[in-house]
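The block underneath contains the structure these notes are about, expressed in C-alpha cells.
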Amino acid sequence: MNLGLIVMATWLFAGWTNASENSGPLVIAHRGARSLAPENTLAAAKLAWRLRADGWELDVRMTKDGELILMHDETLSRTTNAPSLFPNRSPWLVSDFTLAEIKMLDAGSWFVGQDPYGTIATGEVLADEALHFRGEKVPTLNEALTLTKELSFLANIELKSRPSFVLSPQAKTLTDRTVALIREMGLEKSVLISSFDPAILRYLATVAPEIPKGLLVSSPPPEPVSYLQALGVNALNPRYDLVTENLLQTLSMAGFQIYIWTVNEPTDLQRFSSDSHITGIITDWPQRLLAILGRKK
Ligand code: G3P
Ligand code: CA
C-alpha cells in the first residue's frame, strides 16, 4: 500500500480524531465557548473557532413544527426572553413553540445581564463585545452545521432525548432529520453524534453506520466494552469525575474513543490533557485548555 492509501485508510477509519493537526486531546467547546458567549449560539461557535478549539458541542431539540434547533433545556426560559415575549405560554417548552416563534427570541441578552461565568466582570469578555450578544438568535441545526462547514470546524451534536429502551417516534424523527442534514451537507467526517438515549444510538448504528457516534453517560456501564459493542457506537462520553484510569485503558485498548465532560477546573484540565487515552475534552473554558496545551492564540 502506498503512503497516500495508508493516509486515506487511516482517515476513513479514524474520522473525527484525524481532523486535528495538533497532538493531545481534541478541545471541544461545550455549547460553544460557553464561558465567553451565550451557549448554543453561532456567536459561541465562532468564538470557540477563533480561539482555535477543534470543535464545539451543541444540543439539539425539535420545535412544535418539527424543525431542529439548538437548545439545551427542555424549556426556553433560562436562555431566551420567551417568558417576557410570550407571558401566557408557561412553561415555555421548546416543543410548544414553532420555529417562527423561536426566531423572534433574544438568546443573547440573558448572558450579558447575568454574566454567568463572571467573564464580563473580569474583562475577559470586553463590555463592547458583550453588547453584540444582545439580540443573538436561536440557531437551527442547519445554520449551526452550515457554519461548522464554513469554518472547517468539528461538531459534537448531542441529540436531547430521555434515555429509553424503545425508540420514541419523536426521537426517531429527531435522529432521521439530523442524519439527513449531515448527509446533505457531506459532514459525516466532521461530526460526532452523541446522546444519553441508547435507543437513538442503537437506531443510528443501523441507519447511519458511517457517522461516528458516542454514548453519553453519567456513570459508566458495568460491562462497558460489550455494552458499547452491542450498541454499535464508536465512543463513550462519560462524566469526567467518574472515570477511572482502568476504564480509560480498557476502552482505549478495545478501540473506543473517549470524550470526557465537562472539565472546567485548571487542575482537572491539566491532569486530563496529558492522558493519552482521552480523545477529546469537552469544556466550558476552551481558552484554559488551549493555554495548557500551548495552543493559545
Ligand atoms: O456532551 C457533554 C454534555 O453536554 C452533556 O451534558 O447536560 O451539558 O448537555 P449537558
Ligand atoms: Ca450537551
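Among the residues of region 186-206, those that are assigned to a loop (DSSP other than H, G, I, E, B), without any contact (Cβ under 8 Å) to a residue 60 or more places away in the chain and either buried (at least 21 other Cβ atoms within 10 Å of the Cβ) or in contact with a strand residue (DSSP E or B) (Cβ under 9 Å, 6 or more places away or on another chain) (or both) comprise 187, 196, 197. Every condition in (1) within 13 Å of ligand 1 (Cβ to nearest atom); (2) under 13 Å from residue 141 (Cα atoms) holds for residue 197 except the one numbered (2).
Take the conditions (1) more than 16 Å from ligand 1 (Cβ to nearest atom); (2) in contact with a Pro (Cβ under 6 Å, 6 or more places away or on another chain); residue 192 misses just one of them, which is (1).
Each residue in region 25-62 was checked for being without any contact (Cβ under 8 Å) to a residue 60 or more places away in the chain and assigned to a helix (DSSP H, G or I), and 2 pass. Within the bounds of region 219-226, is there any residue that is at pLDDT 95 or above, under 19 Å from the mean Cα position of the chain (by Cα) and at negative phi? Scanning region 219-226 turns up no residue that is at pLDDT 95 or above, under 19 Å from the mean Cα position of the chain (by Cα) and at negative phi. Annotation for region 19-29: at least one member residue is in contact with a helix residue (DSSP H, G or I) (Cβ under 7 Å, 6 or more places away or on another chain), within 16 Å of ligand 2 (Cβ to nearest atom) and within 22 Å of residue 142 (Cβ to Cβ). Number of residues in region 1-43 that are modelled with pLDDT under 60 and among the hydrophobic types (A, V, I, L, M, F, W, C) equals 12.
Determine, yes or no, whether residue 284 is acidic (Asp, Glu), more than 15 Å from residue 214 (Cβ to Cβ) and without any contact (Cβ under 8 Å) to a residue 40 or more places away in the chain. Talk me through it step by step, then tell me what you get.
On the way: acidic (Asp, Glu): yes; more than 15 Å from residue 214 (Cβ to Cβ): yes; without any contact (Cβ under 8 Å) to a residue 40 or more places away in the chain: no.
No, not satisfied.
Being surrounded by fewer than 15 Cβ atoms within 10 Å (Cβ to Cβ), assigned to a helix (DSSP H, G or I) and polar (S, T, N, Q) is the requirement here; does residue 84 meet it? I'd like the intermediate steps shown before the answer.
Working: surrounded by fewer than 15 Cβ atoms within 10 Å (Cβ to Cβ): yes; assigned to a helix (DSSP H, G or I): yes; polar (S, T, N, Q): yes.
Taking the combined requirement at face value, the residue satisfies it.
Taking residues in region 214-229 that are under 14 Å from residue 248 (Cα atoms) and surrounded by 13 or more Cβ atoms within 10 Å (Cβ to Cβ), and partners anywhere that are of a type in the set (Gly, Ala, Ser) and modelled with pLDDT of 95 or more, the pairs with Cβ atoms closer than 6 Å and at least 6 places apart or on different chains are 225/254. When region 180-207 is filtered for residues that are within 15 Å of the chain's Cα centre (by Cα) and aliphatic (A, V, I, L, M), the ones remaining, listed by number, are 182, 187, 191, 192, 193. Just to be sure I understand, how many residues within region 259-271 are surrounded by fewer than 22 Cβ atoms within 10 Å (Cβ to Cβ), out of contact with any Lys or Arg (no Cβ under 7 Å at 6 or more places or on another chain) and of a type outside the set (D, E, K, R)? Of the residues in region 259-271, 4 are surrounded by fewer than 22 Cβ atoms within 10 Å (Cβ to Cβ), out of contact with any Lys or Arg (no Cβ under 7 Å at 6 or more places or on another chain) and of a type outside the set (D, E, K, R).
Take residue 238 and tell me if it is out of contact with any Asp or Glu (no Cβ under 7 Å at 6 or more places or on another chain), more than 14 Å from ligand 1 (Cβ to nearest atom) and closer than 30 Å to residue 265 by Cβ. It is false that residue 238 is out of contact with any Asp or Glu (no Cβ under 7 Å at 6 or more places or on another chain), more than 14 Å from ligand 1 (Cβ to nearest atom) and closer than 30 Å to residue 265 by Cβ.
Of all residues in region 195-206, those that are within 16 Å of ligand 2 (Cβ to nearest atom) and of a type in the set (Ser, Thr, Tyr) total 1. The helices (runs of 4 or more DSSP H) found wholly in region 207-297 and carrying at least 1 residues that are closer than 21 Å to residue 154 by Cα and more than 16 Å from ligand 2 (Cβ to nearest atom) occupy 266-273, 286-292. Considering region 153-171, and only residues there that are over 15 Å from the mean Cα position of the chain (by Cα) and either within 16 Å of ligand 1 (Cβ to nearest atom) or free of Cβ contacts under 8 Å to residues at least 12 places away in the same chain (or both), the residue that is nearest to residue 191 (Cα to Cα) turns out to be 171.
The values are calculated or read from the model by the stated rules, or taken from the named source; none is laboratory data. Owing to the predicted nature of the structure, the values given are computational and were not obtained by experimental measurement. Every residue, glycine as well, gets a Cβ built from its backbone with ideal geometry; the counts of neighbours run over all protein chains shown.
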